[in-house]
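To start, the structure itself, in structure tokens.
Read-outs: derived from the displayed coordinates by stated rules, not from any lab. On a predicted model such as this, the values are computed, not experimentally measured, just so you know. Backbone-built Cβ (ideal geometry, glycine too); neighbour counts: all protein chains shown.
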Amino acid sequence: MKRLPIPDDVTGEEIDADVRQELQSLPKGLAEDVSRNLVMVARLIDEDPEGAYAYSKIALRLASRVAAVREAAGFAAYANQKYSEALAEFRAARRMTGNVDLWPVMADCERGLGRPEKALDMAGAPEVHKLDKAGQVEMRLVAAGARRDMGQLDAAIVTLQSPELASNSVQPWTARLRYAYADALLAAGREGEAREWFAKAVESDKDGSTDASDRLAELDGVEFVDAFVEDEDDIVEAPADAEADTDAEVETEDDGEDDIVEAGQTKPVVEADDDDDAPRD
């Protein structure tokens, strides 16, 4: 089996205690190998989802009967929009554990596969009542997204209206919930209300998990200009008459060819720089 390089500072001890507990069913050396690959999945999944997916496939080949491995493989596939594969892995993990925590992301996979009706069916299933508050909010976000997939904007807005949305307390899900509500309002043409909720999303988005601030600025007509990009209009050129005077001075100083060349070498040349410009509910 081909392995991928893993930095020496990755020991495998970085994984959660419950995952480490699951891996104890494996021989010690194998458990360490699997855990190190799972750490790499967690490290890369946001910035390099393809890399995370590659490590998840190795962990899967090593320990496909471990629920945590199936779950990690599911999230890596999900990050790469491989929704069918992700759904299969999530289902396998759920069968192994009986846990309902993956229900919202499984429903979102149905959306990704073009089956919003199935996602709505899952939003109304008994499993939703077994979810914790964070899971229920996530399920609400998925259901609203499914409504929008079906062109039901008003229904999506109503779906997001909840005690969690109205609450003034800031929870891990608050920014995303407010953002989704603002985005739905804007899609429905309710720009004034949308601006209000984008502003509320900004207030609660302490870690920058959304681009609410950019959306708010856009509604306010604020344009951001890259200071490193030089516009052609900003290039200052010497007036034509000034250039003529300079040429005249060079010619009258001396008729010697060497002096003319030397004077020409001091003539400034302006060149424009070609600057290259560097996430679902």
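Structure data summary
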| item | result |
| --- | --- |
| Point-to-point label distance, ASP16-LEU30, nm (Cα→Cβ direction, 7 Å offset) | 2.4 |
| Proximal lysines to LYS206, defined as alpha-carbon separation beneath 25 angstrom and excluding residues fewer than eight positions away on the same chain | LYS133 |
| Proportion of all alpha-carbon pairs of region 74-178 beyond 22 Å (%) | 30 |
| Extended-chain gain in nm, criterion 0.36 nm per residue less alpha-carbon gap, ARG65 and ASP121 | 17.3 nm |
| Mean projected area (nm²) of the alpha-carbon convex hull when region 1-95 is viewed from all directions | 5.8 |
| Listed residue pairs exceeding 29 Å between alpha carbons, taken from LYS28/LYS57; LYS82/LYS118; LYS2/LYS82; LYS2/LYS28; LYS118/LYS200; LYS82/LYS130 | LYS118/LYS200 |
| Restricting region 1-46 to GluC sites (Glu not before Pro) in coil, as DSSP defines it, with at most 13 other Cβ within 10 Å | GLU13 |
| Distance between region 1-66 and region 118-162 - C-alpha centres, whole angstrom | 32 |
| Per-peptide average of other Cβ atoms within 10 Å, ordering 162-170, 44-52 highest first | 44-52, 162-170 |
| Low-density loop positions, trypsin sites (Lys or Arg not before Pro), region 1-71 - DSSP coil, at most 13 other Cβ in 10 Å | LYS2, ARG3, ARG65 |
